[in-house]
Amino acid sequence: MSRSTSTTEPGWMRWLLIALALGFLLLNLALPLAAVFFEAFRKGWDAYVAGIIEPDAIAAMKLTLLVAAIAVPVNIVFGISAAWAITKFEFRFKSLLITLIDLPFSVSPVVSGLVYVLVFGLQGWLGPWLREHDVQIIFAVPGIVLATMFVTFPFVARELIPLMQEQGREDEEAAISLGANGWQTFTRVTLPNIRWGLLYGVLLCNARAMGEFGAVSVVSGHIRGLTNTMPLHIEILYNEYNFVAAFAVATLLAGLALVTLALKTLLEWRYRDQLHVGGH
Amino acid sequence: MTTVALPAATPRARRGLVERSIMPGFGLTMGFTVFYLSVIVLIPLSAVFITTAGMGFDGFVEVALSQRALYAYRLSFGAAAIAASINAVFGLVVAWVLVRYEFPGKRLVNALVDLPFALPTAVAGIALTALYAPNGWIGAWLAPHGIKVAFQPLGVVVALTFIGLPFVVRTVEPVLADLGPEVEEAAASLGAGRWQTFARVIWPAILPALATGFALAFARAVGEYGSVIFIAGNMPYKSEIAPLLIVMQLEQYNIPGATAIAATMLIASFVLLFAINLLQGWSRRRMAA
Amino acid sequence: MTVSAHNIVKHFGAFTALDDVSLEAQPGEFLALLGPSGSGKTTLLRIMAGLEFPDSGSICFDGVDVSTRPTRERAVGFVFQHYALFRHMTVAENVGFGLTVKPRAERPDAAAIRTRVNELLSLVQLGHLGDRYPSQLSGGQRQRVALARALAVNPNILLLDEPFGALDAKVRKDLRRWLREVHQTMKLTSVFVTHDQEEALDLADRVVVMNHGVIEQVDTPDAVYNRPASAFVCDFLGNANKLDCTITGGAIEIGGHRIENTAPPAADGRGIAFIRPHEFDVAADGQPGVAVTLRRLTRTGPMAALDCQTSAGALIEVTTLEPPAGLLPGAALTLVPRRVRAYAA
């Protein structure tokens, strides 16, 4: 047997495997994506635009942006805090803490929403108190924000922790030995070192925040124009057999997904050495 | 100068939770981390178990192990297992092709693999339904053969296959890339054929990663909601997944019922998380060797 | 500035990194901390800098206890093993960093910082590279930028962790000479860590030999090499044959051969004798000395290396300029040690 056949496959085998992989990806990923745009434009451009500029759709977009604008920055602060504490210090129960940070990823989205119903709902722990003080969290915007924070909780932290672990502490020690204080060390040395990794984590966090369905669905109450995010609005339109409008709004989220993938690929290509790629 | 050390001025490492360090900000960052983790994740999650505990054992069993719930678990876990298996096979092929071969459009294909991570599940759900409905692109083609996908348990498998693929690809890919050509050349120089090289050298090296990818895809699929509910048809005892049953209970204001099922699902998640940690440890040891 | 460490103890978990270490560096002195990895040398350096905290003991600068003073107030220049240059800053920005982070009241203005940076860059012979980024420099250039950056804040002392560790042999030698010159012009008390004995002996005024968290010997390069205080120092510095011996009344006996004058004096009993390869005379068989059989002879340039074996099986390496003519493997020889250092086993 010749050497070439032992370290690579015969030509026909290579092409068979490539065909198999591409065929599966086409069927499983490309077709669904194409279907979104096809269905949205099934009745032409005007029907598409009508689905998007309808007031309830606009309200849903505004709410989605608002929720992401709160949940993402809070999770950025959390992610940086957690990564700093975990990678710059030695302490007990560190690996337990890392496991707990990943926890929201292994919880069903529906359960992620339910937990807030149990705490803040009418029959929940704080329900009576909240009612007394006329504060509504469940079936209102605060509940949606909380559920979104829960499901997007680990994204930034799990990107930064391995990255900062790899980068070590020497740069910070150098800055401190040169007289920099804590804030100067962070803003002038650490932050520039992690900026691309941070952006990477934020991209994924934002995509999930804007697209979350299950958790938000449980706490939203589905009040049109008030507590419907874009994914929830899509569901309502779909269940009303208003398919064109449903897919029209869906193209916006699909567009967001494509932009996210493009930027992510760009970052991986350009700054591979300054990222920790491999987070889900 | 004196050579006597002054014990009073001696800095001592704290023997407590954290080692003393010159890095600033431990109290602030650790404080915020623990506070935020507790408020957003730990306390709300504990509510599931505390509420369940308040139901009593019989009350719990009555809901969590009701006939309808058992059907839902069977569908959720069964469909997740089938979907993860499909993804293990095709995910391995995709990872192999991406690591080993060059072909036009490879970068695009590579980016597309992560689509399920980026595409909102509701969008995936309606798109898959449109494709597999009897009048859809794929459904219309399958219907004459008597194969129905949408609004059937098979639809659940299709949706779970969609969302699970990147978990397998992205777990296997780095291990495959790390397995440089040297080991294969070594195997070949020792007289192994291509198939023997794969079976005896490559397969054992990637098996832990493949198992990890399978488990990650499975764990994600068990809890999946958004992409499934549109295509499943949601008939009790037939095509109703466990997360949907929780939502159903909630819509009927049966919060204890929802909580009992949620507690069961959470325990399953934790067992899976533990299994995944073990698998990842196995995978890391293999890679380090 | 005098830098002193007093009774420093440091544990990492169950591992003892430093076990009651005391040390003093005189003003303007160039001190080397030499030892194998895990000997505690880097930990001691980091404790001096305030980057690490001892479990007990204290650090004094000119007799003033600075143990509780944070690093940024100790005014130490620290050069990291992998340089720790800030990769998103230019060379000039790296060198000027320490000046730009000073509190506003003490911070020099932009022009003054620029002047100081240029001064330092020409001191390290990199005046033309100020606008480059660290990734565009060679290893030796990065190492000089790291030194300039450490010097920019006018440190009291200069601490260098394996300053040449990441460089190849040729660059290493050039930089060594250059660093010695910089040290002489700056007249700074400097301490550097190395595991390379040649580097330590070549550069330092005094060498501190460390092993397992304790100091084995502090002395001039000549003294640690020629009068090693312990078996470890003798073994670690330079190549030496280790032979089992018996010590009686100051004299030692190796393979039936008795040698009278030994240094340092060791207690009676079993011992280990250290003899460097070039400290043997090679004589014909039958003379008083250690009887051996020649296993192999190799010539490298002017020197000949002889691999010999005693009747007891011990291997002895000998180097000599003039081996007896016509030697073949298997020949019986007698080795006469000119100089032996024996330590209790």
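The values are calculated or read from the model by the stated rules, or taken from the named source; none is laboratory data. In this text the structure is predicted, and so the values were computed from the model without any measurement. We place every Cβ from the backbone using ideal geometry, glycine too, and count neighbours over all the protein chains shown.
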Can you pull out the strands (runs of 3 or more DSSP E) entirely within the range C:160-264 that have at least 2 residues that are modelled with pLDDT under 90 and in contact with a Gly (Cβ under 6 Å, 6 or more places away or on another chain)?
C:241-248
For the range A:193-209, which residues satisfy the criterion of being in contact with a Pro (Cβ under 9 Å, 6 or more places away or on another chain) and of a type in the set (F, W, Y)?
none
How many of the residues in the range B:218-258 are over 18 Å from A:F139 (Cα atoms) and more than 17 Å from the chain's Cα centre (by Cα)?
16
Would it be correct to say that A:E9 is out of contact with any Pro (no Cβ under 7 Å at 6 or more places or on another chain) and not in a helix (DSSP H, G or I)?
yes
When you check B:V89 against the structure, is it at pLDDT 95 or above and surrounded by 24 or more Cβ atoms within 10 Å (Cβ to Cβ), yes or no?
no
Of the residues in the range B:60-93, those that are in contact (Cβ under 8 Å) with a residue 12 or more places away in the chain, in contact with a helix residue (DSSP H, G or I) (Cβ under 7 Å, 6 or more places away or on another chain) and more than 15 Å from B:L244 (Cα to Cα) come to B:F60, B:A81, B:I82, B:A83, B:A84, B:I86, B:N87, B:A88, B:F90, B:G91, B:L92
Could you please find all residues in the range A:118-144 being buried (at least 22 other Cβ atoms within 10 Å of the Cβ) and either touching a strand residue (DSSP E or B) at 6+ places or on another chain (Cβ under 7 Å) or more than 8 Å from chain B (Cβ to nearest Cβ) (or both)?
A:F120, A:I138, A:G143, A:I144
Residue by residue through the range A:116-168, note down the ones that are under 30 Å from A:R195 (Cα atoms) and among the hydroxyl-bearing types (S, T, Y).
A:T148, A:T152
Quick check on the range A:166-175. Is at least one of its residues touching a Leu at 6+ places or on another chain (Cβ under 6 Å) and farther than 30 Å from A:G51 by Cβ?
yes
Those residues that are among the charged types (D, E, K, R) and away from chain A (no Cβ under 11 Å), I need them from the range B:162-178; list them, please.
B:D178
Can you find a residue that is facing another protein chain (nearest Cβ under 7 Å), out of contact with any Lys or Arg (no Cβ under 6 Å at 6 or more places or on another chain) and part of a helix (DSSP H, G or I) anywhere in the range A:60-79?
yes
If you go through the range C:54-62 one residue at a time, do you hit one that is under 25 Å from A:E90 (Cα atoms) and either away from chain B (no Cβ under 13 Å) or out of contact with any Leu (no Cβ under 9 Å at 6 or more places or on another chain) (or both)?
yes
Scanning the range B:94-126 for residues that are polar (S, T, N, Q) and facing chain A (nearest Cβ under 7 Å) gives B:T121
By residue number, the members of the range A:170-192 that are facing another protein chain (nearest Cβ under 7 Å) and touching a residue at least 60 places away in the same chain (Cβ under 8 Å) are A:E172
Quick check: is even one residue across the range A:203-220 more than 17 Å from B:L119 (Cβ to Cβ), within 12 Å of chain B (Cβ to nearest Cβ), at pLDDT below 95 and out of contact with any Gly (no Cβ under 8 Å at 6 or more places or on another chain)?
no
Residues of the range A:147-157 that turn out to be more than 7 Å from every other protein chain (Cβ to nearest Cβ) and either more than 26 Å from A:V216 (Cα to Cα) or not polar (S, T, N, Q) (or both), as a count:
6
What is the one condition in (1) buried (at least 24 other Cβ atoms within 10 Å of the Cβ); (2) in a loop (DSSP other than H, G, I, E, B) that A:A157 does not satisfy?
(2)
Looking only at the range A:80-100, how many residues end up being touching a Leu at 6+ places or on another chain (Cβ under 6 Å) and either surrounded by fewer than 17 Cβ atoms within 10 Å (Cβ to Cβ) or part of a loop (DSSP other than H, G, I, E, B) (or both)?
2
Go through the range C:283-296 and give me each residue that's modelled with pLDDT of 80 or more and either polar (S, T, N, Q) or under 32 Å from the mean Cα position of the chain (by Cα) (or both).
C:T293
Residue check: is B:T129 touching a helix residue (DSSP H, G or I) at 6+ places or on another chain (Cβ under 7 Å), closer than 25 Å to A:T265 by Cα, of a type in the set (S, T, N, Q) and within 12 Å of chain A (Cβ to nearest Cβ)?
no
Could you look through the range A:221-238, keep only residues that are buried (at least 24 other Cβ atoms within 10 Å of the Cβ) and part of a loop (DSSP other than H, G, I, E, B), and pick out the one that is farthest from the other protein chains (Cβ to nearest Cβ)?
A:N228
Say we look at the range C:272-314 and pick out the residues that are assigned to a strand (DSSP E or B) and free of Cβ contacts under 8 Å to residues at least 12 places away in the same chain; which of these is nearest to C:G255 (Cα to Cα)?
C:T298
I'd like the residue in the range B:135-150 that is more than 14 Å from chain A (Cβ to nearest Cβ) and under 30 Å from the mean Cα position of the chain (by Cα) and, out of all such residues, is surrounded by the most Cβ atoms within 10 Å (Cβ to Cβ).
B:K148
Can you name the condition, by its number, that A:L160 falls short on among (1) in contact with a Phe, Trp or Tyr (Cβ under 7 Å, 6 or more places away or on another chain); (2) more than 8 Å from every other protein chain (Cβ to nearest Cβ)?
(1)
